[in-house]
Amino acid sequence: MSGVAAAAAPLALPKRRRPIVVLLRRAWRLPRTKVGVLLMLLLVGTALIGPFFAPHDPAAFANIPYGKPGGSTPLGTDALGRDVLSRFLWGGRSILGLSTAATAIGLVLGVSIGLVSAYSRGLLDDVLMRIMDVILAFPSIVLALVAVSTVGPKLWLIVLVVGLTTMPRVARVTRGASAEIVERDFVQAAEALGEPRAKLLLGEILPNITSPLMVEASLRLTYAIGLIASLSFLGFGEQPPAADWGLMINENQQGLTIQPWGVLMPVIAIALLTIGTSLIGDGLSRASAGIDRTGGE
Amino acid sequence: MREDELDRIDEEARQRGISREELLKRAAVAGLALAGSGGLAQIARAGIAATPKRGGQFRVGVAGGSSSDIIDGQDIVTNPDQARLMAGFETLVGFDKNFKLKFNGLAEELSPNKKGDVWTIRVRHGIEFHNGKTLGAEDVIYSLHRLIDPKLKLFGGAALSSVNPHGMKKLDKRTVRLHLKHPDATILDALGQYVAGIVPVGYSPHAIGKAKPNVGTGPYKLKSFTPGQQSVHVRNPNYWRHGQPYFDGVVIIDFPDDTARVNALLGGQVDAITNIPPAQVGIVNGRSGRKVLESPTAQWTPLCMRVDTAPFNDARVRKAMRLIADRPQMVKQALSGHGHVGNDMYAPFDTAYDHALPQRHQDIAQAKSLLKAAGQTHLTVDLQSTNGALGMNEGAQVFAQQARAAGVKVNVKILDSGTFYGAQYLKWPFSTDFWGTRNYLSQVAAGSIPTSPYNETHWPDAADRKFLTLYREALRTINRKKRYEIEHEMMKLEYDHGGYIIWGFSNFLDGYNTKLRGLVPGWKGVMQLNNFGSGFRTFWFG
């Protein structure tokens, strides 16, 4: 018994820290990852620091509705006459915060279910995965709308629903990636040593599937940003007079032909944000699959 | 109660067999002071001095509409229903462009006894329904019976609560004697509302909008109708107003989508549209051959405070909230300036409206001290709203922003209309709502007394009988001057203690192709496009 453990240890130990560092290093070498990170930094920066540079109170009236750009309102005013630039600078916080939180919930739930599924196999695996399939089969926006129209437009609910719709995909990826790890000797060794199941799942298996999970996480974040922006656009996210990118598009769509900035700015921001996160995801996935490898590893 | 000058001209023209315009021209040539200089000026101003031309198919895009569209002479569900009702049906009396009641409808006489509880209605001679039936006393009796039928729950029935269903008597072919349950000074207003259409005996007795044939006395006969899409109407050749209508036909098209509607006008697919979003006014006016018709209204989107629920059961809090509102700013930001400032009082078109009430201005300092006195220094309230009409959500948001200056936190909750108008409707402590143009006493009946169908503010306070006593007294007072005095007293009560914040009245913004003639700017209408051209009979193609 101790022989098996001793043999497994040198195999498992060096692997623990390495995969993620290797992955990140490899991914960073790809130009697409750099562009993605740059975009992310730009938009996260706008959202976090932007409000300090806003020329007006985002809820204050600066001019007539749909006022043209100029003077104290460089990007004009919105449907109620509020400064578009100030609202844009204030409007990124909620979408970033909500989508990050939703992705985190989706990851935690998805990884837990995927690990349990892969490890237990048998009936529990089947039941869990079929439940995930059922959730997957529903268009996520429809699920979110059903939840919001029964409970009301609450921010915690949006985060929870988007997290729950993120969960099945994460669970499937986790299960797929860990199904093969579970068979490995070091897992069986740890099992034999009587390691608690939770520790085994999180300590032995999880570190070995970080690469696919990183890829999945960034893709899920992209998806959460899109979904939360759509829900805000439909009026179920942040409530007026809050400044929020999705809500801004909704509020100002009437004036698209005469004062487009109120729609264009949030559209551009959301687009760049999702492009950024998906470029990072793409970089990570290429790096982990070994595509575009420039050698030296 | 005589007919106005215009009607006299109409009458005379009909007898001589020529059109009003022709008559005026001949009169001018002959130097006859037929209608008096005032009358002529009024006609010239109304833009009907130009010679109308016959012919053409008029296509109008109306905002709203859905598969629940109906055509009924006495009821509407959606906005396009109003246009369709106007094309086919007429009322006994009507309102002119200044929202003054005129005897320009089907009734040639409508007069009360001294007490005001017995009215005599006589319809004009020789008016025909679309199916050829001559309009008579029995049709008037049937129409009134149908309007107040409790089973049908018709829109126009609420205002006719004084009509005694067993008190209608046919005196002769064209005359009806109407015995009311009590004297009612508002009966003319009630009979003049567009939903009080006169329908023939037997018209869809048990259901709304199911009449076959669907006939009235209006300028156009119904040819085809697809709910949610469009209706086609053809000229009524036997129409009683000489020369009218001018179009061969009218097509009324549902256009719920704002952008599509404006594009249809710009692209020439329709000749006129209703409800241009304020943001698009510049675009329409900037296009050659297209213009915006702007008309003031007395329609309002108030903020409603429930006078029987905390925190608004304290009159000081209500007053403070009213002092928080910067009304000119609300009109500017919420209506893009296309409206008029309100004074917490409805019915500004009513001749009884008390213009002596001082205009209420924003006064944050006084609002703060009132709130402090009421122990509500850091008041936080939810304000429920929905996208029901332009000004509801917008007004709520602008008010919420203004309230911050007084330390009041107003959380605007924008709900879907199903939730807003659901079980909680009329129970929200603080909400927005939407009301159309009405005269004062009719509006009180609709929204300011306990028996009103839509009393959001729960005004008046249950302990206070004064307002109700005054209201009953006003109804019974046929003498106009005396009645106005009572109405002013009622207005003062509401102005001082009421639950409405009435910050403004929005304008109608309609668009038209400049080849369309006969439109009157500034028409104080209940409906868009000069009350849909009083059934599309006052418009023509130039």
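The values are calculated or read from the model by the stated rules, or taken from the named source; none is laboratory data. Since we're looking at a predicted model, the values are computed, not measured. Cβ placement follows ideal geometry from the backbone for every residue including glycine, while neighbour counts extend to all protein chains displayed.
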Answer yes if at least one residue in region B:321-336 is on the phi > 0 side of the Ramachandran plot, within 14 Å of chain A (Cβ to nearest Cβ) and at pLDDT below 95, and no otherwise. yes
Condition broken by residue B:282, with the remaining ones in (1) among the small types (Gly, Ala, Ser); (2) away from chain A (no Cβ under 14 Å); (3) more than 20 Å from residue B:383 (Cα to Cα); (4) outside any loop (DSSP other than H, G, I, E, B) satisfied: (2)
Picking from A:11, A:30, the residue that is modelled with pLDDT under 90, more than 14 Å from chain B (Cβ to nearest Cβ) and either more than 22 Å from the chain's Cα centre (by Cα) or crowded, with 17+ Cβ neighbours inside 10 Å (or both) would be A:11
Taking residue B:259 as the residue in question, decide whether it is within 14 Å of another protein chain (Cβ to nearest Cβ), of a type outside the set (Asp, Glu) and either surrounded by 21 or more Cβ atoms within 10 Å (Cβ to Cβ) or not in a loop (DSSP other than H, G, I, E, B) (or both). yes
Which one is surrounded by the most Cβ atoms within 10 Å (Cβ to Cβ), of the residues in region B:401-423 that are more than 26 Å from the chain's Cα centre (by Cα) and in a loop (DSSP other than H, G, I, E, B)? B:408
Restricting attention to region A:229-239, does a residue exist that is away from chain B (no Cβ under 14 Å), small (Gly, Ala, Ser) and either part of a helix (DSSP H, G or I) or farther than 19 Å from residue B:385 by Cα (or both)? yes
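So which residues in region A:48-81 are assigned to a loop (DSSP other than H, G, I, E, B), away from chain B (no Cβ under 14 Å) and closer than 30 Å to residue A:100 by Cβ, if there are any at all?
The answer is A:54, A:55, A:74, A:75.
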Failed condition for residue A:197, given (1) buried (at least 18 other Cβ atoms within 10 Å of the Cβ); (2) more than 20 Å from the chain's Cα centre (by Cα): (1)
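Among what's in region B:328-384 and is assigned to a helix (DSSP H, G or I) and among the β-branched types (Val, Ile, Thr), pick the residue that is surrounded by the fewest Cβ atoms within 10 Å (Cβ to Cβ).
Of everything passing the filter in region B:328-384, B:364 is surrounded by the fewest Cβ atoms within 10 Å (Cβ to Cβ).
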Contact list, first residue from region B:444-463 and more than 17 Å from residue B:497 (Cβ to Cβ), second anywhere and modelled with pLDDT of 90 or more, beta-carbon distance below 6 Å, six or more apart or interchain, is B:454/B:447
Does any residue of region B:67-74 turn out to be part of a helix (DSSP H, G or I), under 30 Å from residue B:277 (Cβ atoms) and among the charged types (D, E, K, R)? no
Only one of A:155, A:109 is within 14 Å of chain B (Cβ to nearest Cβ) and within 18 Å of the chain's Cα centre (by Cα); which? A:155
As an exercise: evaluate residue B:317 against (1) under 29 Å from the mean Cα position of the chain (by Cα); (2) at pLDDT 95 or above; (3) closer than 30 Å to residue B:416 by Cα; (4) away from chain A (no Cβ under 14 Å) and give the number of the one condition it does not meet. (1)
Checking residue B:425 against (1) more than 14 Å from chain A (Cβ to nearest Cβ); (2) in contact (Cβ under 8 Å) with a residue 12 or more places away in the chain; (3) closer than 25 Å to residue A:149 by Cα, which test does it fail? (2)
Looking at B:433, B:461 in this structure, which one is in the same structural domain as residue B:351 (by TED's automatic domain parsing) and surrounded by 21 or more Cβ atoms within 10 Å (Cβ to Cβ)? B:433
Would you say residue A:219 is closer than 27 Å to residue A:142 by Cβ and within 14 Å of chain B (Cβ to nearest Cβ)? no
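Return yes or no: is residue A:203 within 14 Å of chain B (Cβ to nearest Cβ) and either more than 30 Å from residue B:400 (Cα to Cα) or in contact with a helix residue (DSSP H, G or I) (Cβ under 9 Å, 6 or more places away or on another chain) (or both)?
When the stated conditions are applied, residue A:203 does not pass them.
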Determine if region A:88-98 includes at least one residue that is of a type outside the set (S, T, N, Q), buried (at least 22 other Cβ atoms within 10 Å of the Cβ) and within 13 Å of chain B (Cβ to nearest Cβ). no
The one condition residue B:275 fails out of (1) closer than 19 Å to residue B:519 by Cα; (2) assigned to a loop (DSSP other than H, G, I, E, B); (3) away from chain A (no Cβ under 14 Å) is (3)
Would a scan of region B:285-300 turn up a residue that is part of a loop (DSSP other than H, G, I, E, B), within 14 Å of another protein chain (Cβ to nearest Cβ) and either buried (at least 19 other Cβ atoms within 10 Å of the Cβ) or free of Cβ contacts under 8 Å to residues at least 12 places away in the same chain (or both)? no
Please go through region B:102-145 and give me each residue that is touching a residue at least 40 places away in the same chain (Cβ under 8 Å), crowded, with 19+ Cβ neighbours inside 10 Å, touching a strand residue (DSSP E or B) at 6+ places or on another chain (Cβ under 7 Å) and assigned to a helix (DSSP H, G or I), ordered by number. B:140
On the basis of being outside any strand (DSSP E or B) and either facing another protein chain (nearest Cβ under 10 Å) or surrounded by 19 or more Cβ atoms within 10 Å (Cβ to Cβ) (or both), does residue B:398 make the cut? yes
Output the number of residues of region B:381-395 satisfying the condition of being at the interface with another protein chain (Cβ under 10 Å from one of its Cβ atoms) and of a type in the set (Ser, Thr, Tyr). 1
Would you call residue B:352 of a type outside the set (Asp, Glu) and at positive phi? no
